[in-house]
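Engineer: Provided herewith is a single structure, encoded as structure tokens, for subsequent inquiry.
The values are calculated or read from the model by the stated rules, or taken from the named source; none is laboratory data. Predicted model, so just to flag it, every value in this text is computed and none were measured. All Cβ positions, even for glycine, are placed from backbone atoms using ideal geometry, and neighbour counts span all protein chains on display. Ligands, DNA and RNA are excluded from the accessible area calculation, which covers all protein heavy atoms including side chains. Shrake-Rupley method; radii C 1.70, N 1.55, O 1.52, S 1.80 Å.
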Amino acid sequence: MAQIGLKYLICAPVTETNNDVSYSDGLVMSYAIKTDLSIEINDVKLYGDDRIVEAIKEFKSGKLTLNGDHLEYEVLSLILGHKVETINPGNGKKMTAKGDDDGKPVGVGFYSTTVKDGKRRFRAIWLRKVKFGVPNESLETKGDSINFQTPSLEGTIQTDILGLWKEETTFEKESDAKAWLNEQADIDDGGNG
């Protein structure tokens, strides 16, 4: 299945208690530009009688790299633990980052268009628990031409208390993919699907 496009980059804080996982107060992170997902696997072999008698390949962890157009202070506060406050004049906002800031793990979602046999569908992905680190930045002076500089975030994908790390589904309609992600992240879009 070929994939084209990427849309609707969202996150929501995850709460884990005993045998329950929930998400609340989801946010749109930014306009989605690119996501890279790489998974580490535990690959263990047991040898006996000069051959492999058991083999296990299972999820260990993963790395998620997100690139978006802009990260609002509220998103950075949630995922990195930075302090955000309103300042005057002009009711501006100020973000303060301390060395020991530690944001909350979040669920992260997005969707892409898939094409198979000429038919378009919409693949929605929900990563159940991701812990982000402080992003790198690159700034560049404007010369003869303008080059956009956009932030990239890197997070570690983990299993949640239920041992789950990802859910995904494919829909015939784009609005259904977005609605499913909104449900995962507890986002009320006011009926705009």
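Engineer: Mind checking which residues of the range 163-193 are under 19 Å from the mean Cα position of the chain (by Cα), open to solvent by 70 Å² or more (accessible area, probe 1.4 Å) and over 14 Å from residue 108 (Cα atoms)?
Structural biologist: Passing the criteria: only 188.
Engineer: For the range 124-138, does any single residue satisfy the condition of being open to solvent by less than 40 Å² (accessible area, probe 1.4 Å) and basic (Lys, Arg)?
Structural biologist: We begin by selecting, within the range 124-138, every residue open to solvent by less than 40 Å² (accessible area, probe 1.4 Å); these are 124-130, 132-133, 135.
Now drop any that are not basic (Lys, Arg), which leaves 128-129.
Yes.
Engineer: Let me ask another. Among the residues of the range 149-190, which ones are without any contact (Cβ under 8 Å) to a residue 12 or more places away in the chain and either farther than 17 Å from residue 10 by Cβ or not small (Gly, Ala, Ser) (or both)?
Structural biologist: 163, 183, 188, 189
Engineer: Only one residue in 86, 113 is touching a residue at least 40 places away in the same chain (Cβ under 8 Å) and β-branched (Val, Ile, Thr). Which one?
Structural biologist: Criteria check complete, one pass: 113.
Residue by residue, here is whether (1) touching a residue at least 40 places away in the same chain (Cβ under 8 Å); (2) among the β-branched types (Val, Ile, Thr); (3) open to solvent by 40 Å² or more (accessible area, probe 1.4 Å) holds:
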| site | (1), (2), (3) |
| --- | --- |
| 5 | yes, no, yes |
| 45 | no, no, yes |
| 49 | no, no, yes |
| 56 | no, yes, yes |
| 61 | yes, no, no |
| 68 | yes, no, no |
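Engineer: Could you list all residues from the range 131-167 that are hydrophobic (A, V, I, L, M, F, W, C) and either in contact with a Cys (Cβ under 8 Å, 6 or more places away or on another chain) or in a loop (DSSP other than H, G, I, E, B) (or both)?
Structural biologist: Once the filter is applied, which keeps residues that are hydrophobic (A, V, I, L, M, F, W, C) and either in contact with a Cys (Cβ under 8 Å, 6 or more places away or on another chain) or in a loop (DSSP other than H, G, I, E, B) (or both), the range 131-167 yields 134, 139, 146, 148, 161, 162, 164, 165.
Engineer: Could we say that residue 25 is over 22 Å from the mean Cα position of the chain (by Cα) and open to solvent by 70 Å² or more (accessible area, probe 1.4 Å) here?
Structural biologist: Working: over 22 Å from the mean Cα position of the chain (by Cα): no; open to solvent by 70 Å² or more (accessible area, probe 1.4 Å): yes.
Judged against the criteria, residue 25 is not a match.
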